[in-house]
Every structure is written in structure tokens, then in C-alpha cells.
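Taken together, the values in this text are just the output of simple stated rules run on the coordinates, not laboratory data. Every value quoted in this text rests on a predicted model; they were computed, and no experiment measured them. All Cβ positions, even for glycine, are placed from backbone atoms using ideal geometry, and neighbour counts span all protein chains on display.
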Amino acid sequence: MNARIAELHSKVFSTPRNSPEREQAYSELSESDRTAVFNLEKDYMLGRITRQDIAEMKQEGNETMTYEQFVKKSESGEKGTLRELSKFAKESPELYQQYRERYHKEQDEQAKLHNRRLTENTFKNKPFSIR
């Protein structure tokens, strides 16, 4: 359901504002679809979700792997996950590259935060001259 709404959202909001194309795309929607599409846009405008979240919702309908699934499979040590990841990399290399870069960036940030906490705790109660 979310994938279909995200697909309709991108169809409507990929057209120029106040254009005949947007009006046509909007008029083709049923009343319940209009409500769902505009609720999704309202959530985006209020900052509850990002464009990337909408794109990932859209991908769920395409049967491609979402970023959360990619992270779970990357971190799990189960048999067969490496095969699934390599299959995903072959099927959609651009998306795999984006996910991999995002995952490594998040891992680096977590490592830096962890290291910062360790050094802060090491020097917390020592006088400045010893640091």
C-alpha cells in the first residue's frame, strides 16, 4: 500500500507546480488516493519524513532491497546473506553503491563517537598538565 501511495506521490509531485500535467495527474487519482498522497506530502513538508524515505517506500513495491534490509543483512552473520547482497549488487549496482556508502559513513560516525567518549572518560578527572 505504501509503495503504491509513494508511486502516486512521485507521479503527481514530479510535475511542475501549477502546471496542466500536475492537474491531470491529480484529477486521475481517486478521493482516497488524493488524501493519502497529500498526507504524505504534508508529512514531508512538516519534516516527519524525507524524500529518501519516500523513495525507499516506492522501492518496497519494486521488490528491491530497502536500506534497512541492507543494514540487517550486512550486520547479520547468517548463511546466505552474502549471496543475497551480491545478487542485489548485480541487479542494481547504483543503489547498492549508495547504500554501501551511506552504511560506511554511518559506521565511521559511530566509531568516531565511540572514540570521543573513550578519550573524554580517560581525561575527565585529571588535571590539565597531565593531559
**Message:** Where in the chain is the longest stretch that carries no chymotrypsin sites (Phe, Trp or Tyr not before Pro) classed as loop by DSSP and with at most 13 other Cβ atoms within 10 Å?
**Reply:** 1-122
**Fill in**
Looks like segment 1-63, by Cα gyration tensor root eigenvalues a ≥ b ≥ c and the a/c under 1.5 rounded cutoff (else prolate when a/b is bigger than b/c, oblate otherwise), is prolate
**Prompt:** Say the cut-off is 25 Å between C-alpha atoms; which of LYS87/LYS112; LYS11/LYS105; LYS58/LYS90; LYS42/LYS90; LYS73/LYS105; LYS58/LYS112 go over it?
**Reply:** LYS87/LYS112; LYS11/LYS105; LYS42/LYS90; LYS58/LYS112
**Item:** Distance cut-off 27 Å, percentage of C-alpha pairs in the chain lying past it
**Value:** 45 percent
**Candidates per GluC sites (Glu not before Pro) in segment 8-38, loop by DSSP, up to 12 other Cβ within 10 Å** = GLU28
**Item:** Average Cα contact separation per residue, the chain, under 8 Å, 6 or more apart, as relative contact order %
**Value:** 19 percent
**Prompt:** Based solely on its DSSP helices, what 222 nm [θ] is calculated for the chain when runs of n ≥ 4 H residues each add -39,500 (n - 2.57) and the sum is averaged over all residues, nearest 500 deg cm²/dmol?
**Reply:** -23500 deg cm²/dmol
**Asked** Out of ARG83, ARG34, ARG117, any idea which swings most in a Gaussian network model of the chain, alpha carbons joined below 10 Å?
**Response** ARG117
**Message:** Using the Cα centre of the chain as the reference point, and only Cβ charges (+1 on K/R, -1 on D/E), how large is the resulting charge dipole? Debye, rounded to the nearest 20.
**Reply:** 940 debye
**Asked** Gaussian network model of the chain, Cα springs within a sub-10 Å range: biggest mean-square fluctuation belongs to which of LYS11, LYS42, LYS112?
**Response** LYS112
**Asked** Using a Gaussian network model of the chain with C-alpha springs under 10 Å, which one of LEU85, LEU46, LEU95 is most mobile by mean-square fluctuation?
**Response** LEU46
